[in-house]
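Peer 1: If you scroll down you'll find the structure; I have some questions about it.
Where a number appears in this text, it was derived from the coordinates with a stated rule and is not lab data. In this text the structure is predicted, and so the values were computed from the model without any measurement. Here the Cβ positions follow ideal geometry from the backbone for every residue, glycine too, while neighbour counts run over all protein chains shown.
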Amino acid sequence: MKKNEQKSSLALKVIPLGGLEQIGMNITAFEYEDSIIVVDCGLSFPEDDMLGIDLVIPDVTYLKNNIERVKGFIITHGHEDHIGALPYVLREVNAPIYATKLTMGIIENKLKEHNLTNNTKRKVVKFGQSINLGQFRIEFIKTNHSIVDAAALAIYSPAGIVVHTGDFKVDYTPVFGDAIDLQRFAEIGKKGVLALMCDSTNAERTGFTPSERTVGRTFDILFQEHKNTRIIIATFASNVDRVQQIINTAYKFGRKVVVEGRSMVSVIETATNLGYLSIPENTLIDIEQLKNYPDEKTVIITTGSQGESMAALSRMAGDNHKKVSIGPTDTVIFSSHPIPGNEKAVTNVINELLLKGADVIFQDVHVSGHACQEEIKLIHTLVRPKYTVPIHGEYKHLKAQAKVARELGYPKENIFILQSGDVLELTQEKAQVTGKVPVGDILVDGLGVGDVGNIVLRDRQHLAEDGILIVVLGLDGASDELVSGPDIVSRGFVYVRESDELMEEARIVVNEAVDGCLSRGIADWGKLKSAIKDALGEFVWKKTKRRPMILPIIMEI
């Protein structure tokens, strides 16, 4: 043990900046004296009421305010909910990135897209290797997940050791590479672990998560049963092991493989270049060559397993794909579970595919990448932490893991269900939440980061629900008399050509409101606009029980 790892009475602060109360946007700061390290930096996808929003990233005000102490980002694996916010956060908190080989390959693709490659320091770390950052030493431990090269972290600090599992499962027969390094978890457990931060995503599920390899056997059976149709398989772009198994089965059955979807092409290219994906010669063909082969000799691996409207499978289902049209000679396999909240979108795509006559298979062709209860128990038993902190999940998932910890004999006061922003202070003697730091959602819309807030979203909701009425009128600059209008333009409120009477009455109401103000000598534009809004708003509500946005525009003539 190094000098700075001697047990200290000073507290280690654990500060989740996102990733609790939700699936996604994982980011946690660890702070000891003058050093801060950040584990993961993910995004989440917008809720239904976030109209027009593309991505949601964490508020990193706390890191910006303490930038001189931030030593680096340590990334557990290459999923969007762990790396997706990096290009946005690095612009404000430029610190080195430490990750395993494939994870770094995927991150570098992102940095290239955002022109950040030259001014971001990066270091590829091997399993078993440690890096020293200020008061911390961080060791990368091999785990299994639905993407290769996933790591757990042992974070050594003067206050003690924290083990952070990242997203993990226990897979004794992984498709690529070694099984999870349970021995190392046990060795670290023997040193005495202060706290375990463990993945809670599947904490409600009993038993063990099946091995990824079981999906390969399912593919073999499905390909055997559907020898006379083209096979289209939708899965997560990042699930390299799943793609490997599809390619293996396709090769076995003499089928050519097409990869479709930008993110899928990008990840497969990166994984192949780094040696994590082995593609037999002459198996992969370009989408342009599909027409040269009979349907029953081809397989398409595509994005869109979550019903995303712009993904390749959704475009195929909606007849909007330039190269692939779906018909009765197609078998479509969904090799994923819908992420909570995506069920309706996935069902819509399935219905569209079935309407086109395709055979759709969406059961038993997926295994999770997350640990179930027995694996959570196993990690706790090996690591033997003093305190346990459930992470990665909605409140119900965190509670489910807390229940598992109670079953293992952990006292209630040693289990901490945190909220994003909580500051958990840990020492050998005690642990307690001592405060809060600012956290929240920063919304990304197109090129704008954070320029759409609650007020703009409220306006979008208002426009979506009730539409807008624009009132245009011209005033004489000298005499303050009405010289043109009022004209009323409606968008999303009523169809004007069929509502002549309503619009004429509305014009009269606005006219009376403007005349009333001008006759009393009120020519202040702000007061005029308020009078127009009040009068027209009341009239429209009485007539239609709707509250459109009213936008008066006054021009000086």
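Peer 1: Subtract the Cα-Cα distance of N228 and N348 from 0.36 nm times their separation in residues, and report this length gain in nm to one decimal.
Peer 2: Values: separation 120, 0.36 × 120 = 43.20 nm, distance 2.61 nm.
40.6 nm is the gain from fully extending N228 to N348.
Peer 1: Right, here's the next one. So which aspartates and glutamates pass the test for K430, namely a Cα distance under 19 Å, with those fewer than 8 places away in the same chain ruled out?
Peer 2: Straight-line reach from K430, under 19 Å: E5, E31, E33, E413, D422.
Peer 1: Can you list residues from other chains, or at least 5 along the same chain, whose modelled amide H is less than 5 Å from the amide H of T100?
Peer 2: Long-range HN contacts for T100: V125.
Peer 1: Could you size up the charge dipole of the chain around its Cα centre, putting +1 on the beta carbon of Lys and Arg and -1 on that of Asp and Glu, and report it in debye to the nearest 20? Mind showing how you got there, number by number?
Peer 2: Numbers: 62 positive and 73 negative charges, 473 e Å.
Computed about the Cα centre, the dipole is about 2280 debye.
Peer 1: Still on this structure, I have one more. Ranked highest first by the average count of other Cβ atoms within 10 Å around their residues, in what order do 372-380, 297-305, 183-191, 510-518 fall?
Peer 2: The densest-packed peptide leads the list: 297-305, 372-380, 510-518, 183-191.
Peer 1: A further question on this structure: Would you calculate the separation in nanometres between label points at F208 and D178, each defined as 7 Å from the Cα along the Cα-to-beta-carbon direction?
Peer 2: 1.9
Peer 1: Follow-up. Once amide H atoms are placed 1.01 Å from N in the peptide plane, what residues at a sequence separation of 5 or more from N144, or on another chain, have their amide H within under 5 Å of its amide H?
Peer 2: K169, D171, I180
Peer 1: If you don't mind, there's one more thing I want to ask. Which ³J(HN,Hα) values, rounded to whole Hz and listed in residue order, are derived for the stretch 123-138 from phi using the Karplus coefficients 6.51, -1.76 and 1.60 in 6.51 cos²θ - 1.76 cosθ + 1.60 with θ = phi - 60°, glycine and proline given as x?
Peer 2: Ordered by residue, 3J(HN,Hα) equals 9, 7, 10, 9, 5, x, 7, 10, 10, 9, 9, x, 7, 10, 10, 10 Hz.
Peer 1: Considering amide H positions built from the backbone, and no H for Pro or chain starts, which residues 5 or more places from M549, or on another chain, come under 5 Å of its amide H?
Peer 2: The list, which skips near neighbours in sequence, is G467, I468, L469.
Peer 1: Rg(Cα) of the stretch 454-556 divided by 2.2 N^0.38 Å?
Peer 2: 1.08
Peer 1: Return the subset of K142/K386; K297/K344; K71/K101; K121/K142; K112/K142; K256/K356 for which the Cα-Cα distance in this structure is over 25 Å, preserving the input order.
Peer 2: Listed pairs above 25 Å: K297/K344; K112/K142.
Peer 1: Could I ask something else about it? Could you tell me the ratio Rg/Rh of the stretch 213-361? Both radii from Cα atoms, Rh via Kirkwood. Before the final figure, lay out each step's value.
Peer 2: Details: Rg = 14.1 Å, Rh = 15.2 Å.
On the Cα set of the stretch 213-361, Rg over Rh gives 0.93.
Peer 1: Can I ask one more? Order of 36-45, 18-27 by packing, highest average Cβ count within 10 Å first?
Peer 2: Ranked from most to least packed, the peptides come out as 36-45, 18-27.
Peer 1: From the phi angles alone, apply the Karplus equation (6.51, -1.76, 1.60; θ = phi - 60°) to the stretch 186-194 and give each ³J(HN,Hα) in whole Hz, x where the residue is Gly or Pro.
Peer 2: For the stretch 186-194, the Karplus-derived couplings read 5, 4, 5, x, 5, 6, x, 9, 6 Hz, x marking Gly and Pro.
Peer 1: Right, something else. What do you get for GluC sites (Glu not before Pro) in the stretch 226-311 restricted to DSSP loop and a cutoff of at most 12 other Cβ within 10 Å of the site's Cβ?
Peer 2: Working: sites: E260, E269, E281, E288, E296, E308; in loops: E281, E308.
When the GluC sites (Glu not before Pro) of the stretch 226-311 are filtered for loop state and at most 12 Cβ neighbours within 10 Å, E281 remain.
Peer 1: If you filter the stretch 480-538 for chymotrypsin sites (Phe, Trp or Tyr not before Pro), then keep DSSP loop positions with at most 16 other Cβ within 10 Å, what is left?
Peer 2: Sites meeting the loop and neighbour criteria: Y495.
Peer 1: Can you classify the chain as rounded, prolate or oblate using the Cα gyration tensor, where a ≥ b ≥ c are the square roots of its eigenvalues, rounded means a/c under 1.5, and otherwise it's prolate if a/b beats b/c and oblate if not?
Peer 2: It comes out oblate by the Cα gyration axes.
Peer 1: In the stretch 454-556, what percentage of the DSSP-assigned beta bridges are antiparallel, given to the nearest 5?
Peer 2: Of all bridge pairs located within the stretch 454-556, approximately 45 percent are antiparallel.
Peer 1: In the stretch 337-403, what is the volume of the convex hull around the alpha carbon atoms, normalised per residue and reported in Å³?
Peer 2: Taking only Cα atoms, the stretch 337-403 has a hull volume of 100 Å³ per residue.
Peer 1: Another question about this same structure. List, in order, the whole-Hz ³J(HN,Hα) value for each residue of the stretch 235-245 obtained from phi through the Karplus relation with A = 6.51, B = -1.76, C = 1.60 and θ = phi - 60°; use x for Gly and Pro.
Peer 2: Result, ordered by residue: 8, 6, 4, 7, 7, 4, 5, 5, 4, 4, 5 Hz.
Peer 1: Still on this model: Less than 12 Å apart at the alpha-carbon level, and either on another chain or at least 8 residues along: which aspartates and glutamates does that give for K227?
Peer 2: D295, E296, D330
Peer 1: Same structure again: After finding the eigenvalues of the alpha carbon gyration tensor for the stretch 123-251, what semi-axes result from the square roots of 5 times each, listed largest first in whole Å?
Peer 2: So the equivalent ellipsoid measures 36, 15, 12 Å along its semi-axes.
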